[in-house]
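What follows is calculated from the coordinates using simple rules that are stated; it is not laboratory data. Note that the coordinates shown come from a computational prediction; the quantities given were computed from them, not determined experimentally. Cβ coordinates were reconstructed from backbone atoms using ideal geometry, including for glycine residues, and neighbour counts include every protein chain displayed.
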Amino acid sequence: MAEHLRLLQGEDVSGDDLAAGLSKLGRDVVLAVPSCLTVTIALASLGVEIDAWAVDGATAPVRVLASLAVPLSAVVPGAVLVLRAGEPGAFLPLADDLGTRLGPNHPPLAVDQHLTWPAAVSSESFPASLAGLRVVNQAVGVLVDRGLPPETVRRELQRRASDANTDVATASRRLLASLRPDPG
């Protein structure tokens with residue numbers, strides 16, 4: 001698993017490669033932890049979780065009794081890979097093993113701190129979710145370029161999304177579309 005995480009943190013990984021890597025990671029985790037239900041990526045800066053992989057038939061009514069959150073600090077600050085399982089203590093041995101392999105400068109793992117089902121599991125495919133994240137990052141760049149302080153940009157995108165009764169990715173797409181010259 002530690003090797004999978006190192007590969008997932010690489011800078012030259014495409015959305016399709018990342019989705020394939022997460023699917024393989026999910027299957028490998030189930031071999032080590034048979035009660036594993038889901039693999040998600042939580043993005044604290046956006047307040048969302050992207051459903052990357054789920055065991056066939058795993059749905060919200062299944063109780064989450066164990067979790068392991070692995071910070072992906074090399075990818076995005078505040079991003080964590082979250083594994084959830086239906087058996088108490090399921091990730092304790094994995095957390096012990098992984099904690100020694102990630103090194104002393106890696107942020108600490110969080111065990112059993114994500115014991116609820118993801119609030120809004122995305123209906124999009126993982127590559128589409130990554131494309132949405134890419135659009136949000138582009139919109140962040142536009143707003144910073146327009147003079148907004150970096151620490152307020154995400155709040156501004158959230159405000160625009162709320163005002164339009166939509167999500168941040170859609171509000172970001174609208175912002176980017178407004179920058180394109182009118183073809184007429």
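What the phi angles of the range 25-40 give under the Karplus curve with 6.51, -1.76 and 1.60, with θ = phi - 60°, is a coupling list of 4, x, 5, 5, 5, 5, 5, 7, 10, x, 8, 4, 10, 8, 10, 10 Hz, glycine and proline written as x.
Full extension of the chain between Thr116 and Thr152 yields a length gain of 10.0 nm, computed as 0.36 nm times the residue separation minus the alpha carbon distance. Packing-based ranking of 93-105, 22-34 yields 22-34, 93-105, ordered from highest to lowest mean Cβ neighbour count within 10 Å. Quick one: if the Förster radius is 25 Å, what FRET efficiency do Arg134 and Leu31 give, using the C-beta to C-beta distance and rounding to 0.05? Computed FRET efficiency for Arg134 and Leu31: 0.20.
Annotation for Arg159 and Arg101: the two label points, set 7 Å from Cα along the Cα-Cβ direction, are 4.5 nm apart. Site pair Val144 and Ser178 shows an inter-label distance of 2.0 nm when each label is modelled 7 Å from Cα along Cα→Cβ.
Judged by the mean number of other Cβ atoms found within 10 Å, the most tightly packed of the peptides 81-88, 145-152 leads the ranking 81-88, 145-152.
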